[in-house]
């Protein structure tokens, strides 16, 4: 199997047996990307069932034993998006989607927080929305959920993925998500990106549905390959914002002083996490 970023032959890294699954992980010798080769070789139906069964166990609740801080993190992320729209860093009329949204908590927190702004008047002002899409969650009757027909190429100004990129199965899945961006689109990413993936089958992050583990070098290659020209990282929200349009990126930098949190900016991918993988 070749790395879908470098096209280099991947080499065996370690094996794992967990929750009744046996998995073989391989690593790219160039960018350090680590993938679960066993899961990559599953057929689509088996993978979909595995994903659906794992995530429906905690969706609709505020408890997740594997990631106990996820609600607080989602609230920080939704607060970041409120401030991005409030300051004009994100235009109010932007078409936004939370891809892989689960039960839609991020969008719900965003609306709650935005409507509580002191200067918000729902009768006179545009209320920005973050639409929801998740191919593994059925939400019949919720009009804020996009159908597969609604999620079209270059159809969104802002695409958000929170804890999604570790679930992707190679270039086809990456293309599907990043292909949704308009020519001046902004990609907002939360996933674990580390300097080097530990050679440890007992590492806490290796859940049954985590099959692609990203390094700084791997994400830098993706950033360049998909034509991004400006990158920002908000530490408190643990969120990267990747820009295709230089002027919009400059606009964020100018407004960042009015937005909570510590910011790091670069024309290249912001490789913030240099230490050991974190929780």
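Figures for the structure shown
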{"quantity": "Ranked 23, 149, criterion: other C-beta atoms within 10 Å, fewest first", "calculated": "149, 23"}
{"quantity": "Beta bridges per DSSP with both ends in the chain, % antiparallel, nearest 5", "calculated": "60"}
{"quantity": "Pairwise label distance in nanometres, residue 184 with residue 260, each label 7 Å out on the Cα-Cβ vector", "calculated": "2.9"}
{"quantity": "Answer label for semi-axes √(5λ) of the Cα gyration tensor in Å (calculated), chosen among (1) 31, 22, 18; (2) 30, 29, 16; (3) 44, 22, 13", "calculated": "(1)"}
{"quantity": "Förster radius 30 Å - calculated FRET efficiency between residue 200 and residue 108 (Cβ-Cβ, nearest 0.05)", "calculated": "0.25"}
{"quantity": "The range 102-116 versus the range 1-59: alpha-carbon centroid distance in Å", "calculated": "32"}
{"quantity": "Average silhouette area of the range 204-279, convex hull of alpha-carbon atoms, in square nanometres", "calculated": "5.8"}
{"quantity": "Once the Cα gyration tensor of the range 134-279 is diagonalised, semi-axes √(5λ) in Å", "calculated": "23, 23, 15"}
{"quantity": "Tilt relative to the chain, helix 70-86 - C-alpha long axis, 0 to 90 degrees, to 10", "calculated": "40"}
{"quantity": "Listed residues 144, 118, 98, most fluctuating in the chain (Gaussian network, C-alpha, under 10 Å)", "calculated": "118"}
{"quantity": "Value of relative contact order over the range 186-279, rounded to a whole percent, pairs C-alpha under 8 Å and six or more apart", "calculated": "38"}
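Computed from the coordinates by the stated procedures, all read-outs in this text should not be read as laboratory data. All of these numbers come straight from a predicted model, not from anything done at the bench. Cβ atoms come from the backbone with ideal geometry, glycine included; neighbour counts cover every protein chain shown.
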